[in-house]
Amino acid sequence: MTEMLSAAALAQAVRSGHLSPVDVAERCAATIRAREDDIRAFASLDLDALLTAAKAPGLAQTPLAGLPLGVKDILDTVDFPTERGSPLYAGYRPVSDAAVVRMALRAGGLIAGKTVTTEFAFMTPSVTRNPRRITHTPGGSSAGSAAAVAAGMLPITFGTQTGGSIIRPAGYCGVTGYKPSFKLLPVLGLKPFSWSLDTIGLFGAHVADVAFAAGALTGRDFSFDDDAPAPRLAVVRTPRAHLATPDAHAALEAAAAAAGRAGAHLRDIELPEALEAGDAATVPLQAYEAALAFADEWDRHRDALSPTLATYLEAAARVTPEEYDAARRAARRARYALADLFADFDAVLTFSTTGEAPEGLGSTGSPVFNRLWTLSGAPCVNVTGMTGATGMPLGIQLVGRFGRDRQTLTLARFLERAIADA
């Protein structure tokens, strides 16, 4: 297994003069050439352009230090096709970059290529394979973004999450996935699926790497608070706990025990009814918005849609405005209930996935332990370090308070270190 690349460490090495942006670009290019035929992480790629761009003067002192990045192919890019995982958009070239792409370029990042997405970031599996075991799914919909980091091809990639499309593939591939607070990263230039849920986030090797990238992109302070008091963590299994495998339960218990030994105060809790109701509300909320987001594709090109998406959209069109409005009200109540919960806790500790990445490429896995937290708008981090019964990665999800992303990442690093020390 190729070693993953630490974005924070590489940027520090570039700034100190121990490496140049060209050195980093060449390392990424060499790994991509060696592994891409097996992993299939990229929808489009231009390594020659990457190596040329890495020679530009002044990159070393930019916020991203000239690091190569990958962009999920659901986000608009001028320099690469934006095909959205669909034959409908084969060869499509937007005239402007998505806002986060332009932010990355302004910060001195270099776009190496577009990473594979499932069709319109929905559930139909992609061609990408899991670098940890290529006979297993990498998850979805941000399949290529998670796989590119896990395979050591790139230090940072962009993903998106509407249900569980950052946390789940991060968990399956054994990388850090960070879904920020809702709208921390602007969604302009993203092909929407559900505008109340769609969130752009990041993949990196470790918590320090996604924190570094988030700070470089946004100009915000994402440095870790080393003087933070011992965290108060709520261990949450939800009424869907029976869907988690025994090794997922064991991993959550082991992570909680490790956090406790490191000084955290833990309590097992059940979520308040108003918050738990948000899980069911995601279904009509997402469906109603998807039916409108894909109105043109459905009306004009439905034969070009996969059976999975076409069946979903046909049912989605039957969600009534009254059902949608009720779901929106339930979502608002759920967010208020989560805010109240955080009066007594700093973060929630819960499952990232139902278990290890499923064998085969016929499914992207289940978002059952992700969709409530996406609806809440809260920042979520997949923390690595645990493994399942067959040795595949098993992530642990840390959910923080809305708008407290720096604190959430600090707590995620605390958990990451506690697991590593266990």
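The values are calculated or read from the model by the stated rules, or taken from the named source; none is laboratory data. Values in this document were obtained by computation on a predicted structure and should not be read as measured data. Cβ placement follows ideal geometry from the backbone for every residue including glycine, while neighbour counts extend to all protein chains displayed. Remember, those area values only see protein heavy atoms, side chains included, never the ligands or the DNA or RNA. Shrake-Rupley method; radii C 1.70, N 1.55, O 1.52, S 1.80 Å.
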- Has segment 85-94 got at least one residue that is modelled with pLDDT of 95 or more, closer than 20 Å to residue 147 by Cβ and in a loop (DSSP other than H, G, I, E, B)? yes
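Please determine whether any residue of segment 78-90 is within 22 Å of residue 51 (Cβ to Cβ) and among the hydrophobic types (A, V, I, L, M, F, W, C).
Filtering segment 78-90 for residues within 22 Å of residue 51 (Cβ to Cβ) gives 78-81.
Next, only the ones that are among the hydrophobic types (A, V, I, L, M, F, W, C) stay: 78, 80.
Yes: segment 78-90 contains one or more residues that are within 22 Å of residue 51 (Cβ to Cβ) and among the hydrophobic types (A, V, I, L, M, F, W, C).
Taking segment 181-240, which residues are among the hydroxyl-bearing types (Ser, Thr, Tyr) and closer than 28 Å to residue 266 by Cβ?
Pass one, segment 181-240, residues among the hydroxyl-bearing types (Ser, Thr, Tyr): 181, 194, 196, 199, 218, 223, 238.
Passing the criteria: 181, 199, 223, 238.
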- Message: Can you confirm whether residue 383 is open to solvent by less than 10 Å² (accessible area, probe 1.4 Å), closer than 11 Å to residue 171 by Cβ, of a type in the set (A, V, I, L, M, F, W, C) and in contact with a strand residue (DSSP E or B) (Cβ under 6 Å, 6 or more places away or on another chain)?
- Response: yes
- Message: For the list (1) open to solvent by 10 Å² or more (accessible area, probe 1.4 Å); (2) part of a loop (DSSP other than H, G, I, E, B); (3) in contact with a Gly (Cβ under 9 Å, 6 or more places away or on another chain), I need the number of the one condition that residue 197 fails.
- Response: (1)
- Task: Scan segment 41-57 residue by residue and report those that are touching a residue at least 40 places away in the same chain (Cβ under 8 Å), open to solvent by 50 Å² or more (accessible area, probe 1.4 Å) and in a loop (DSSP other than H, G, I, E, B).
- Result: 46
